[in-house]
Each structure stands twice: as C-alpha cells, then as structure tokens.
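K.L.:
The structure follows.
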Amino acid sequence: MAPPSPSPSPRVCVTGGGGYIASWLVKLLLSRGYAVHATVRDPCDQKNAHLMQLDGAAESLSLFKADVLDSAALAAAVEGCEGVFHVASPVPADKIADPESEVMVPAVKGTLNILEVCSSLKVQKVVVVSSTAAVHYDPNWPQGKPKDESCWSDRKVCRDNEIWYCLAKTVAEETVWEYAEKNELNAVTVCPCIVLGPQLQRVVNTTSELLLYVIKGGPDVLNDMLWHIVDVRDVADALLLVYEKPESSGRYICAPNYISAKAMLEFLKKRYPGYNYVKCKADVHQNSRITPIVSGKLSDLGWKPRALEETLLDSIEYHRKTGNLQDVEGQTYRLPDIFRHFQAANE
C-alpha cells in the first residue's frame, strides 16, 4: 500500500516582502513550513537578494513583482493563498513634500486594494500591519490612563500638526475596519511601535536610522520623552500568532517596552562608551502625546516578547558588525523626519 501523499504546505502572501518587518516574517513563515508568495517592486533588485538566501526559500518562496497600487499584480500574488499579511506601507525618512502621493495614497489606497483582492479571491484571513501612530494622538484620552486598543489617533490633530505618517496609518487602519465589516472579511490589525533589532535586508530602514542617529550624534537635541520599542522578531511572532489563532479579532497593540530617551542614552553609553551620542534635554517633555500604552490583549493571546535590553544590544551588535557605526568622512546623520515632530527639542 502506497504511503499517503504529504499534505501541501499552507500558502500565504506577504506584501512588501523585502522590507524590515516583512523579511523577518517571511523567514519565520518559511521556518514554520509555509509556502510564501512575497510581493516586491523588483524581484531582480539586489536589495531583495536576502530573501532567496533564507532557509527554505529555494523550495517554498516565490517573489512577485507587484506594487500596492496595481490590483492586477496583487491578485496574481494572492492567487492560491489561504491568508495574506499586508505589511507594505511607506515609512519615509526624508521630509514629506507631497503627503497625498508619498504616504496617503500608498497607505490608504494600497490597503483598500489588497482588501478588495482578498475578498474577490476568498482569502480566509488578512493580517494588516498598522502602527501605534494610529493610537497615540487622541487629545481626549484620560490623562494618566495607559492607552489601549480602544484609543485612536484623531485625524484632525494629525492633519493640523502635519503628522502625515500618523494620519496615513490612522486612515488606512480605519479603512480596514470599514471594509471588513461591510464585506464580512476576516481581518486583524497589529499596531507595532518603534521597531528595532537586527536587520535581514541590506538597506538601513527608517527606525534603524533613528537608532544610528542617537548613537552617532547629530545637530538635533532630543526631548526626554518615552520611546516605545518592540523587537522586529517579536513583531513577526505577533503577526503569525494572530494569524494562526482562530480566536484573534480586532486590533492588537504591539508595544511591550518603553524607556525615556535619557535612560536609554545612559544605558547605551554604559555598554558602548566610545560613540558621540546625541544630546538630550535634561527635563522630561511633559506635553508629549507619547504616553504609556499596553499590549495586554496580545499577551493574553500568548505573545511573549523579548526584554528591551536584548533588543537594544542585538540592534547595536548588528550595526557594529556591518560597519554602520563606523565614521565615514563627509557622512552626517540626521533625525528621520517622521520622528522630528515629537523627538526633536526646540532650542
């Protein structure tokens, strides 16, 4: 009697597969036996070469050329997949000149496109990466109460203060819930905070640029405010957890650790004393909208994130080994623009 044929691997799609979070998610999915369709802008671009070098990639990873604004290309990537992880979204490091075309359209229209594709192809579950940027900016939240999943950034506050990334993530996530309810789509959102940890891709991502700026120093003095930090590997774990748990629903804040800028600088200087660290204001920034937030809902699902110390040390070791912390003549470091609104102190 012939042995039973092995059951096919579950197949999922990851948008923006070459990015910081998505790369770790693809790595995790392959290690768990998934077949993965990953969308990238150009499968032949060297900045995506790390994906095909992952364990199991040769057998189980397929790269698809797709932009989030191209529904037909997205449909080709999603075809045959049981689930979709929508990770692709712009995180600009430079000053945003045209908010509509640079962040709003890719974030909002791109999200709507992938939701429509998932509906048309009867995808069983969609996990969308949002951000705590869609949580922090609620002027009416009770003072002293940690923010949770019921807290939403106010569109008007974001627009009036020109915090375009926060506005884009807020509108995009609201679009998820409006569409999912209207079309009975099984969707879950995950809201990570500042994501640090080692990289798999070569290009330094925006949040890692923030850490490099802190270590290497620069012209902007930082406010002594809270930094909510999560490890990129723990974000990948969270995304797979909410996908695999049938009881998962709604949004999940993914922000297990916070530390003041001053305390973080003291920690880093003690462990790595040889760098020209950024200056930090001595007094705590009292009026910041970045206040404590909680990840209890995600923890209740079984999420067990790393300690903050491990994330910070692993981040620095990665950048030290890759040479990103070496002084290069003529090279200056600057604060990524999306952090400038609340991180940079007024001199």
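The values are calculated or read from the model by the stated rules, or taken from the named source; none is laboratory data. Keep in mind it's a predicted model, so treat the numbers as computed, not measured. Glycine also receives a Cβ, built like all others from the backbone with ideal geometry; neighbour counts cover every protein chain displayed.
K.L.:
Of all residues in the stretch 84-121, which are among the hydroxyl-bearing types (Ser, Thr, Tyr), farther than 20 Å from residue 182 by Cα and either in a helix (DSSP H, G or I) or out of contact with any helix residue (DSSP H, G or I) (no Cβ under 8 Å at 6 or more places or on another chain) (or both)?
P.N.:
101
K.L.:
To continue, here is another question. More than 19 Å from residue 130 (Cα to Cα), at pLDDT 95 or above and surrounded by 12 or more Cβ atoms within 10 Å (Cβ to Cβ): which single residue out of 252, 333, 318, 275 fits that description?
P.N.:
318
K.L.:
For residue 234, indicate whether it is assigned to a loop (DSSP other than H, G, I, E, B) and touching a strand residue (DSSP E or B) at 6+ places or on another chain (Cβ under 9 Å).
P.N.:
Spelling it out, it is not the case that residue 234 is assigned to a loop (DSSP other than H, G, I, E, B) and touching a strand residue (DSSP E or B) at 6+ places or on another chain (Cβ under 9 Å).
K.L.:
What's the total number of residues in the stretch 171-204 that are in contact with an Asp or Glu (Cβ under 7 Å, 6 or more places away or on another chain) and in a loop (DSSP other than H, G, I, E, B)?
P.N.:
2
To keep it simple, each residue is scored yes or no on (1) within 16 Å of the chain's Cα centre (by Cα); (2) closer than 30 Å to residue 335 by Cβ; (3) surrounded by fewer than 24 Cβ atoms within 10 Å (Cβ to Cβ).
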site: 15; (1), (2), (3): yes, yes, no
site: 28; (1), (2), (3): yes, no, yes
site: 41; (1), (2), (3): no, yes, yes
site: 44; (1), (2), (3): no, no, yes
site: 54; (1), (2), (3): no, no, yes
site: 68; (1), (2), (3): no, yes, no
site: 72; (1), (2), (3): no, no, yes
site: 77; (1), (2), (3): no, no, no
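K.L.:
Consider residue 44 against the criteria (1) over 29 Å from residue 132 (Cβ atoms); (2) touching a residue at least 12 places away in the same chain (Cβ under 8 Å); (3) not β-branched (Val, Ile, Thr): it satisfies all of them except one. Which criterion is unmet?
P.N.:
Result: residue 44 fails condition (2) only.
K.L.:
Which one of these is touching a residue at least 60 places away in the same chain (Cβ under 8 Å) and farther than 29 Å from residue 263 by Cβ: 211, 240, 226?
P.N.:
240
K.L.:
If you scan the stretch 290-305, which residues turn out to be over 24 Å from residue 246 (Cα atoms) and touching a helix residue (DSSP H, G or I) at 6+ places or on another chain (Cβ under 8 Å)?
P.N.:
290, 293, listed by residue number.
K.L.:
While we're looking at this one, here's another question. Among the residues that make up the stretch 145-161, is at least one of them surrounded by 15 or more Cβ atoms within 10 Å (Cβ to Cβ), modelled with pLDDT of 95 or more, in contact with a Ser or Thr (Cβ under 6 Å, 6 or more places away or on another chain) and over 22 Å from residue 241 (Cα atoms)?
P.N.:
The answer is yes, given that some residue of the stretch 145-161 is surrounded by 15 or more Cβ atoms within 10 Å (Cβ to Cβ), modelled with pLDDT of 95 or more, in contact with a Ser or Thr (Cβ under 6 Å, 6 or more places away or on another chain) and over 22 Å from residue 241 (Cα atoms).
K.L.:
Right, something else. Please specify each residue of the stretch 1-51 satisfying the condition of being in contact with a Ser or Thr (Cβ under 8 Å, 6 or more places away or on another chain), of a type in the set (Ser, Thr, Tyr), modelled with pLDDT of 95 or more and farther than 16 Å from residue 199 by Cβ.
P.N.:
15, 34, 39
K.L.:
Could you list, in sequence order, all residues of the stretch 243-293 that are touching a residue at least 12 places away in the same chain (Cβ under 8 Å), over 29 Å from residue 169 (Cα atoms), not charged (D, E, K, R) and not in a helix (DSSP H, G or I)?
P.N.:
272, 275, 276, 277, 282
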